[in-house]
Amino acid sequence: MVLSQRSTIGLYSDPASADSHRVRLVLAEKGIAVEVVEIAPDGPQPEDLADLNPYAETPTLVDRDLALYDPRVICEYLDERFPHPPLMPIDPVSRAKAKLVISRVERDWYRLLSHLEKTENRGKPAVRRELAEGLAASADVFAAGTPFFLSDEITMMDCTLAPLLWRLTHYGVELPPEAETIQEYAARLFEREPFQASLTATEQAMRQGG
């Protein structure tokens with residue numbers, strides 16, 4: 001399946017990938033109408049994906065004649081293209097700090113999650129342990145007294161963290177008791193209507209019974 005004539009924004013999305021999920025969450029938080037085409041990595045690929053994206057990967061966003069294919073670039077574009085509600089701070093200092101947090105989440109935690117998203121089992125116990133310990137070491141930041149991550153309002157930092165936290169149970173990552181504040185923070189995010197709207201059937205199944 002390929003995207004239809006591009007009168008609306010289109011997204012090629014992996015229904016199980018955290019990178020695709022974070023884009024879908026930003027779209028949902030902003031209430032943006034989008035045509036989503038789900039692509040499994042081992043399934044058939046749309047004919048035009050390789051033309052739109054030199055890496056032929058998901059997520060790939062199409063907005064008229066523009067094609068974007070890096071999840072952080074896509075999310076920042078959506079925040080600028082549809083500025084309300086804003087997900088990034090207005091002032092440059094706060095904006096830079098938020099970008100740095102997102103960069104660290106990607107480098108420290110998404111990197112480990114990507115190993116777990118692969119089918120190979122070798123090394124997974126060590127990866128699970130490293131991810132759990134890394135999150136637990138940051139538990140005090142999640143206990144800053146704000147409903148969202150270092151903020152009273154939902155931000156791009158939350159949209160990056162939520163897909164990661166949703167997948168922990170599915171991939172067997174067990175947080176220690178001292179990370180209870182992270183569990184509470186995650187529960188607040190998961191209850192939000194936009195988060196629920198962002199979930200694919202595959203992602204919903206990740207926590208069924210959990």
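The values are calculated or read from the model by the stated rules, or taken from the named source; none is laboratory data. Since this is a predicted model, take the numbers as computed values, not measurements. No Cβ is skipped: glycine too gets one built from the backbone with ideal geometry, and neighbour counts run over all protein chains shown. For accessibility, only protein heavy atoms count, side chains too; no ligands or nucleic acids. Shrake-Rupley method; radii C 1.70, N 1.55, O 1.52, S 1.80 Å.
Assorted remarks:
- Here the convex hull built on the C-alpha positions of segment 37-152 has a volume of 148 cubic angstrom per residue.
- Gyration tensor verdict on segment 108-210 (Cα atoms; rounded if a/c is under 1.5, prolate if a/b is larger than b/c, oblate otherwise): oblate
- Accessible solvent surface per residue of segment 1-148, calculated while the other protein chains remain in place, 1.4 angstrom probe, Å²: 54 Å²
- Phi angles across segment 168-175 convert, under the Karplus curve 6.51 cos²θ - 1.76 cosθ + 1.60 with θ = phi - 60°, into 3J(HN,Hα) values of 4, 4, 4, 9, x, 8, 9, 7 Hz, Gly and Pro given as x.
- Of the peptides 181-194, 31-44, 48-61, the ranking by mean beta-carbon count within 10 Å, highest at the top, reads 48-61, 181-194, 31-44.
- Scanning residues 5 or more positions from Glu35 or on other chains, those with amide H under 5 Å from its amide H are Ile9, Gly10, Leu11, with H placed 1.01 Å from N in the peptide plane.
- With every protein chain in place, segment 4-155: carbon and sulfur % of accessible area (1.4 Å): 53 percent
- The chain: translational diffusion in µm²/s, Stokes-Einstein, Kirkwood Rh over Cα pairs, 10 °C, 1.306 mPa s: 89 µm²/s
- Cβ-based charge dipole, segment 129-179, positive-most Cα from Trp166, Ala137, Phe148: Trp166
- Three-way shape label, segment 129-169, alpha-carbon gyration tensor, a/c 1.5: oblate
- Of all DSSP bridge pairs formed entirely within segment 1-102, close to 55 percent run antiparallel.
- Around the Cα centre of the chain, unit charges on the Cβ atoms of Lys, Arg, Asp and Glu (plus for the first two, minus for the last two) sum to a dipole of about 280 debye.
- Our helix-only sum for the chain, with -39,500 (n - 2.57) per DSSP H run of n ≥ 4 divided by its residues, gives a mean residue ellipticity at 222 nm of -13500 deg cm²/dmol.
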